Amino acid sequence: MKADNIVEFCFLAEPTDVNFGGKVHGGMVMKWIDQASYACAAKWSKRYSVTVSANGIRFIRPILVGQMVQVTARIVHTGKSSMHIYVVVRSGDPKENKYVVTNRCFITFMAKDEAGYPARVDTFTPVSDEDKRLEEVAMEAKDFAKQLDKDFEEKLGWK
Ligand SMILES: CC(C)(COP(=O)(O)OP(=O)(O)OC[C@H]1O[C@@H](n2cnc3c(N)ncnc32)[C@H](O)[C@@H]1OP(=O)(O)O)[C@@H](O)C(=O)NCCC(=O)NCCS
C-alpha cells in the first residue's frame, strides 16, 4: 500500500489511445494525469475535489501502443483547500523492466464540501530534502501560473 500522499496507476497503452502515428495522444496522457491526481487528491482530503490548474505539463518522450504506463501522483504541498500534486508518467516495454520518464507536471486540486464550498485539507509536511525542494519548485510553478492569470487580466483585459 502506497503512502497517504501517493497514488500510482499502471496499465497498458491500448490501440484506442494512439494517434495515426502510433503514439499515445497528448490529450489521453493529460486525462491519465488528471485521473491519477484526482485519485491522489480524494485520497488525501477524503473529499470530492476539482482541478484548479495544470502547471508546466511537459511531453518529454512519446508513449507507444503496447507499452506499460505508470502514472505516479504525489501531494507535495497543501494550502487551505488546495492540494498541489507532482505527477510523473513513465513508460516501457512490459517484457523488460525498464521505464523512462515521458511526462511530468504539477497539478492543483481544490477539496469541496457537500455544499460545493472549499473544504479545509490536512497539512502535508515534506520531510526529505527532495520533498522540500519539490515543494519549493511547485510553489514557483504556482506563482508563475498566477502571474499569467494576472497578465491576461491586466495586460490583455481578459477576465
Ligand atoms: C477551481 C475553482 C473553484 C477555484 O476558484 P477560485 O476562486 O479561482 O479559487 P482561488 O483563487 O481562491 O484559488 C483556490 C486555491 O487554488 C490555488 N490556486 C489558484 N490558482 C492556482 C494556480 N494557477 N496554480 C496553482 N494553485 C492555484 C490558490 O492558491 C488557492 O489555494 P488555497 O485554497 O490553499 O488558498 C474555480 O476556478 C472553478 O470552479 N473552476 C472550474 C473547475 C473545474 O471545472 N475543473 C475541471 C473538472 S473537475
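Coordinate-derived values only; no laboratory data. In this text, all values refer to a predicted model and were calculated from it rather than measured experimentally. Here Cβ is always computed from backbone atoms with ideal geometry, including for glycine, and neighbour counts include all displayed protein chains.
The string of couplings for segment 141-146 from the Karplus curve (6.51, -1.76, 1.60, θ = phi - 60°) is 5, 4, 4, 5, 5, 5 Hz, one whole number per residue in order, with x for Gly and Pro.
Take the Cα of ASP113, step 7 Å toward its Cβ, do the same at LYS159, and the gap between the two points is 2.7 nm. Across segment 98-104, coupling constants 3J(HN,Hα) worked out from phi with the 6.51/-1.76/1.60 Karplus curve, θ = phi - 60°, read 10, 10, 10, 6, 9, 8, 8 Hz, and Gly and Pro carry x. What do you get for trypsin sites (Lys or Arg not before Pro) in segment 38-130 restricted to DSSP loop and a cutoff of at most 10 other Cβ within 10 Å of the site's Cβ? In loop regions of segment 38-130 (DSSP not H, G, I, E or B), the sparsely surrounded trypsin sites (Lys or Arg not before Pro) are LYS95, LYS98. Pairs with C-alpha atoms separated by more than 28 Å, drawn from the list LYS31/LYS142; LYS132/LYS159; LYS46/LYS146; LYS80/LYS146; LYS23/LYS80, are LYS132/LYS159; LYS23/LYS80. Give a quick list of chymotrypsin sites (Phe, Trp or Tyr not before Pro) in segment 13-91 that DSSP marks as loop, anything other than H, G, I, E or B, with at most 10 other Cβ atoms within 10 Å. Those that pass, being in a loop and sparsely packed, are PHE20. Evaluated with a Cβ-only charge set (Lys, Arg +1; Asp, Glu -1), the chain carries a dipole of roughly 140 debye about its Cα centre, given to the nearest 20.
In the chain, helices alone account for a calculated mean residue ellipticity at 222 nm of -10000 deg cm²/dmol, with every DSSP H run of four or more residues adding -39,500 (n - 2.57).
Principal axis extents of the C-alpha atoms in the chain (largest first, rounded to whole Å): 45, 43, 35.
In this structure the amide hydrogen of THR102, modeled in the peptide plane, comes within under 5 Å of the amide hydrogens of VAL89, ARG90, SER91, none closer than 5 places in sequence on its chain. Restriction of the GluC sites (Glu not before Pro) in segment 68-134 to DSSP coil positions whose beta-carbon has at most 16 other beta-carbons within 10 angstrom yields GLU96, GLU114. With K and R counted +1 and D and E -1, the other residues having a Cβ less than 9 Å from that of VAL100 yield a net charge of +3. In this rough spin-label picture, where each label sits 7 Å from Cα along the Cβ direction, the VAL52-ASP143 distance is 1.6 nm. Amide H contacts for SER53 (H built 1.01 Å from N in the peptide plane; partners 5 or more residues away or on another chain; cut-off under 5 Å): THR108.
Summarising the amide proton neighbourhood of GLY79: residues at separation of 5 or more, or on other chains, whose placed amide H is nearer than 5 Å comprise HIS84.
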